[in-house]
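The values are calculated or read from the model by the stated rules, or taken from the named source; none is laboratory data. Note that the coordinates shown come from a computational prediction; the quantities given were computed from them, not determined experimentally. Backbone-built Cβ (ideal geometry, glycine too); neighbour counts: all protein chains shown.
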Amino acid sequence: MSSQSKLLFVDDEPLILQSLSVLFEEYTVFTAESGASALEILKQHAIDVVISDQRMPQMSGIDFLRFAKEISPNTIRILMTGYADLQAVVDSVNVGEIFRYVNKPWNAEKLKETVRFACTVAEQRRAMTAAKTMSPAVPSLQFSQADEKSEYELLFVDSNPKHLEQFKSFFEPKYKTHITTSPVEAFDLIPKRINIAVVVADSTLPEIEGSDFLIAVKDKYPSVVTVLMTGSQDAKQAIRMINEGSVYRYLVKPFPRESLRLTIESAIINFKLSKQNPATNLKAMEKSFFRSGDSSARSVEELLRTLRGAASARTTY
Amino acid sequence: MLDYKKIKKSLKKALKSIEQMELLEELMRAQQTGQLPPNLSPRMLASEFSMATQQFIQQLQLPASSAPTQSQPTATNGEPPPMGYDEWLKKLQMRQGGQPIAPVTPSPSPAAISSGAGVDEAVRQSEARLRAIIDATPLGICITNEHYILEYVNKAYAEIYGYHPSELIGQPFTKIVQPEKEAFWKDLHDKYLAGYKEIRGEWNTVHKSGKLLTILADAARIIGTDGKPKKVTFVMDVTELSHLREESRQNEVMMMQTEKMSSLGQMVAGLAHEMNTPLGFVKNNMEMLETKNKEMKELLALYEKLRSQIMYGSPNDVAMLLSQIDNAAQKVKNRVWQESDNLFRSSVEGIDRIQDLVINLKNFSRLDEADFKPTDINENIESTLKIAGHLFKGGIQVIKEFSPVPLVQAFPAQMNQVFLNLITNAVHAVDERSGRITIRTMAQGNQVIVKVIDNGKGIPPENLKKIFDPFFTTKPVGQGTGLGLSIAYKIIEKHGGKIEVQSQVGRGTEFTITLPVSGVGATPSVKQSAHSPFADSPFAE
């Protein structure tokens with residue numbers, strides 16, 4: 001992170017912008033009172049981190065962040081809002097692919113630390129993209145060779161064996177699909193099958209909560225892409241999945257088959273991308289930024305205990 | 001989160017019982033105006049009842065001292081009850097496990113009776129018919145004499161109490177009342193026969209099993225063949241209905257509560273954001289200024305040290321301190337320092353804004369005001385608009401066309417609930433960018449008119465007649481209980497007013513509320529000093 005890092009704050013409340021500009025005085029700060037003018041700034045400046053409010057007139061924060069992702073994919077996106085309504089949180093993961101979700105009023109130190117880390121990620125991403133002048137062709141979402149078996153494997157964890165069978169028969173033609181009702185078993189399987197790219201878990205599992213399980217998976221195997229399926233409407237859980245679990249998608253049941261298929265396909269692309277450009281893997285970055293690989297814990301339970309301790313001692317969001 | 005489907009289901013059930021309750025009340029009202037049962041369209045029970053009693057009295061050749069008058073279209077002038085009378089009757093029978101009522105046979109025409117040879121036969125036929133009617137009627141009928149003895153009971157009467165008629169005839173009627181109230185009942189009976197007490201109404205009596213029953217009763221005084229006064233009593237078992245009524249009263253409370261919670265949930269979302277935004281910058285400013293304050297205190301400490309060093313220290317020490325002071329001062333004079341005046345000012349502004357919201361919230365809820373009082377409708381709409389302010393953020397235009405209006409006797413909190421509901425609906429109906437909501441108030445004679453007009457998507461005609469129905473909603477599950485407008489309707493009705501709607505798809509919707517200044521009908525009867533002024537009154541009613 002350097003003082004050259006450029007931040008962009010978007011909020012329809014000028015006093016928020018004033019306050020944040022002062023807090024981040026050592027950065028180059030841009031501010032915008034609407035999504036539209038923020039997009040103009042994004043087009044003209046290489047912004048490292050953008051922090052946007054959700055509830056804004058004309059263009060919501062999530063809509064803005066979705067456009068921001070297209071205009072400037074290397075910019076790290078943070079959503080900051082005064083009220084966590086579930087739909088907004090879910091959309092912020094699935095549509096905005098945000099890095100962190102921050103509640104107002106915020107904690108200044110935590111926010112500063114979060115932005116500091118986000119700037120590091122953004123810088124590395126940019127460096128990586130610049131080094132690969134022949135930027136790797138992003139695999140397209142078209143799957144003409146649908147009948148070709150992929151080298152990547154999927155892992156589904158659900159307490160309902162019937163659902164598991166459905167997932168297996170739906171994906172097996174293309175991906176080797178592992179299924180289990182036990183998160184403990186699943187946790188032991190991942191290191192044995194190195195081609196597992198995506199782990200999909202239901203939120204209600206025996207032994208361990210699905211959200212906890214995925215947080216543990218992401219911590220131990222940062223390259224694996226995680227997807228949570230949930231029937232409950234819990235904004236708090238969703239925020240935790242974003243901030244602590246770097247979850248890739250948050251699927252609220254029931255969902256159409258097609259959206260699960262698209263989720264898996266784009267998760268695979270995400271997996272490939274992070275292999276090519278490790279700076280896109282936020283969890284891996286986070287681990288190297290904050291602590292030097294202390295995941296010596298063997299069992300998922302043991303790991304969870306360590307993670308819970310770490311979560312309460314977090315210095316960032 | 002609330003399980004809306006489940007709540008909806010249970011509320012639907014509640015609604016059904018409210019309908020039944022209303023029917024019962026209809027019946028009671030009719031009874032109070034001297035017409036048991038009410039003269040409703042099938043008039044089955046009514047004609048049966050009056051025919052049965054009159055013929056009964058005629059056949060016994062007893063002069064009726066007081067027989068129920070032939071029912072005329074009632075003075076209740078109420079709307080027809082939600083459930084058909086026939087349907088209700090059938091249900092009542094089923095509940096009492098009775099047979100379906102035989103169709104009422106018209107009474108023998110006077111022509112048939114007076115046509116010479118057939119007189120005896122006609123009388124015999126008529127009597128047989130009468131017996132059949134009395135036995136088939138779901139109304140319990142009994143005759144008691146001055147010694148409290150049941151001289152006659154029909155089948156229905158015995159069935160209501162779980163006895164066989166033979167177990168009752170010849171017994172004192174007190175067999176079917178609570179033993180501890182025997183004296184009261186005997187007294188009532190005496191007074192009734194003497195002609196200065198009525199027994200019309202609901203009473204508690206006792207089933208053979210000991211179960212307490214609620215009955216609806218009426219009576220007539222007759223003089224028997226023995227020349228002694230008798231009492232003919234007509235009884236209907238309403239135990240279950242009265243339970244249902246109590247249940248539905250509780251359910252209605254729950255229903256109102258659900259809608260309140262749902263509106264509250266939506267309001268909380270908006271208000272939380274409205275408050276957290278100023279809290280965000282105020283807190284941040286304070287944290288930054290706190291750090292600044294510490295730095296300034298350090299600087300001040302250094303300065304004081306310098307003072308003493310100037311007096312007693314070496315020039316070297318002084319020079320060192322001076323450079324420390326320079327460094328500290330440099331540190332102090334960062335952006336926070338430069339902006340500190342602004343930061344303080346905006347913090348105070350933020351706190352003002354939060355205070356404003358809290359005041360509006362209080363104004364809106366009117367928690368600290370009397371329930372029912374002269375209410376300034378314009379002021380109420382103002383405070384509702386403030387509380388709903390976050391809804392208009394997207395550029396929706398609100399036009400206030402207020403005229404001076406007289407104070408209205410009303411429950412201000414309930415009025416606010418209605419206004420909030422109409423405004424919220426309007427916001428949901430209009431386009432986020434080009435939406436326009438006009439709120440107009442005006443005085444018209446003894447009435448205050450409030451109009452909420454939007455240029456939104458409008459309501460299709462097929463939905464327009466349903467919008468005041470409970471549970472009717474076009475919003476997705478979880479985004480509205482479908483109760484808002486039905487509750488608004490009830491509230492306005494309670495205030496003696498009207499709420500009407502006009503809408504055109506694609507053009508907009510216009511709601512019109514008409515409120516009488518006097519707030520007719522809204523005055524809560526319990527308020528009329530029905531209670532003793534003393535909390536622990538020895539003078540219980």
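Summed over segment B:433-462, residues that are exposed (fewer than 14 other Cβ atoms within 10 Å of the Cβ) and more than 22 Å from residue B:410 (Cβ to Cβ) total 5.
The strands (runs of 3 or more DSSP E) found entirely in segment A:161-257 that carry 1 or more residues being among the charged types (D, E, K, R) and under 23 Å from residue A:149 (Cα atoms) are A:176-180. In summary, residue B:248 fulfils each of the numbered conditions (1) closer than 30 Å to residue B:490 by Cα; (2) within 12 Å of chain A (Cβ to nearest Cβ) with the single exception of condition (2). Of the set (1) over 28 Å from residue B:286 (Cβ atoms); (2) modelled with pLDDT of 90 or more; (3) not hydrophobic (A, V, I, L, M, F, W, C), all apply to residue B:333 but (1).
Is it the case that residue B:146 is charged (D, E, K, R) and part of a loop (DSSP other than H, G, I, E, B)? Yes, satisfied. Residue check: residue A:154 meets all listed conditions (1) under 19 Å from the mean Cα position of the chain (by Cα); (2) at pLDDT below 95; (3) not in a helix (DSSP H, G or I) but one, namely (2). Scanning segment A:61-92 for residues that are outside any helix (DSSP H, G or I), surrounded by fewer than 21 Cβ atoms within 10 Å (Cβ to Cβ) and of a type in the set (D, E, K, R) gives a single hit, A:85. For segment A:79-97, the set of residues classified as over 11 Å from the mean Cα position of the chain (by Cα) and more than 14 Å from chain B (Cβ to nearest Cβ) consists of A:91 only. Please verify whether segment A:42-60 includes one or more residues that are of a type in the set (S, T, N, Q) and on the phi > 0 side of the Ramachandran plot. Yes, that holds for at least one residue. Listed conditions (1) buried (at least 18 other Cβ atoms within 10 Å of the Cβ); (2) of a type in the set (A, V, I, L, M, F, W, C); (3) within 19 Å of residue A:119 (Cβ to Cβ) are all met by residue A:46, apart from (1). Which ones in segment A:198-236 are of a type in the set (S, T, N, Q) and buried (at least 20 other Cβ atoms within 10 Å of the Cβ)? If the condition is that a residue be of a type in the set (S, T, N, Q) and buried (at least 20 other Cβ atoms within 10 Å of the Cβ), then A:203, A:211, A:226, A:230 are the ones that fit. For residue B:376, the criteria (1) modelled with pLDDT under 95; (2) in contact with a Leu (Cβ under 9 Å, 6 or more places away or on another chain); (3) closer than 24 Å to residue B:506 by Cα; (4) more than 14 Å from chain A (Cβ to nearest Cβ) hold in every case but one, which is (3). Once segment B:157-178 is narrowed to residues that are among the hydrophobic types (A, V, I, L, M, F, W, C) and in a helix (DSSP H, G or I), the residue that is nearest to residue B:233 (Cα to Cα) is B:173.
Checked against the criterion of being surrounded by fewer than 18 Cβ atoms within 10 Å (Cβ to Cβ), over 27 Å from residue B:244 (Cα atoms) and among the basic types (Lys, Arg), the candidates B:230, B:175, B:197, B:211 yield just one match: B:197.
Taking residue B:277, is it within 14 Å of chain A (Cβ to nearest Cβ), in a helix (DSSP H, G or I), surrounded by 15 or more Cβ atoms within 10 Å (Cβ to Cβ) and not charged (D, E, K, R)? When the stated conditions are applied, residue B:277 passes them.
Scanning segment A:1-38 for residues that are more than 10 Å from every other protein chain (Cβ to nearest Cβ), under 20 Å from residue A:54 (Cβ atoms) and either polar (S, T, N, Q) or surrounded by fewer than 16 Cβ atoms within 10 Å (Cβ to Cβ) (or both) turns up A:31, A:34, A:36, A:37. Within segment B:379-400, track down each residue that is part of a strand (DSSP E or B), surrounded by fewer than 17 Cβ atoms within 10 Å (Cβ to Cβ) and in contact with a helix residue (DSSP H, G or I) (Cβ under 8 Å, 6 or more places away or on another chain). Result: B:400, single match. The numbered conditions (1) part of a helix (DSSP H, G or I); (2) at pLDDT below 80 are all true for residue B:240 except (2).
Of the residues that sit in segment A:49-60 and are within 11 Å of another protein chain (Cβ to nearest Cβ) and of a type outside the set (S, T, N, Q), which one is surrounded by the fewest Cβ atoms within 10 Å (Cβ to Cβ)? The qualifying residue surrounded by the fewest Cβ atoms within 10 Å (Cβ to Cβ) is A:57.
The residue that is farthest from the other protein chains (Cβ to nearest Cβ), counting only those in segment B:401-429 that are free of Cβ contacts under 8 Å to residues at least 40 places away in the same chain and not in a helix (DSSP H, G or I), is B:404.
Restricting attention to segment A:98-110 and to residues that are assigned to a helix (DSSP H, G or I) and within 10 Å of another protein chain (Cβ to nearest Cβ), the residue that is surrounded by the most Cβ atoms within 10 Å (Cβ to Cβ) turns out to be A:108. Count of segment B:323-365 residues, restricted to those that are within 13 Å of chain A (Cβ to nearest Cβ), of a type in the set (D, E, K, R) and out of contact with any helix residue (DSSP H, G or I) (no Cβ under 8 Å at 6 or more places or on another chain), is 4.
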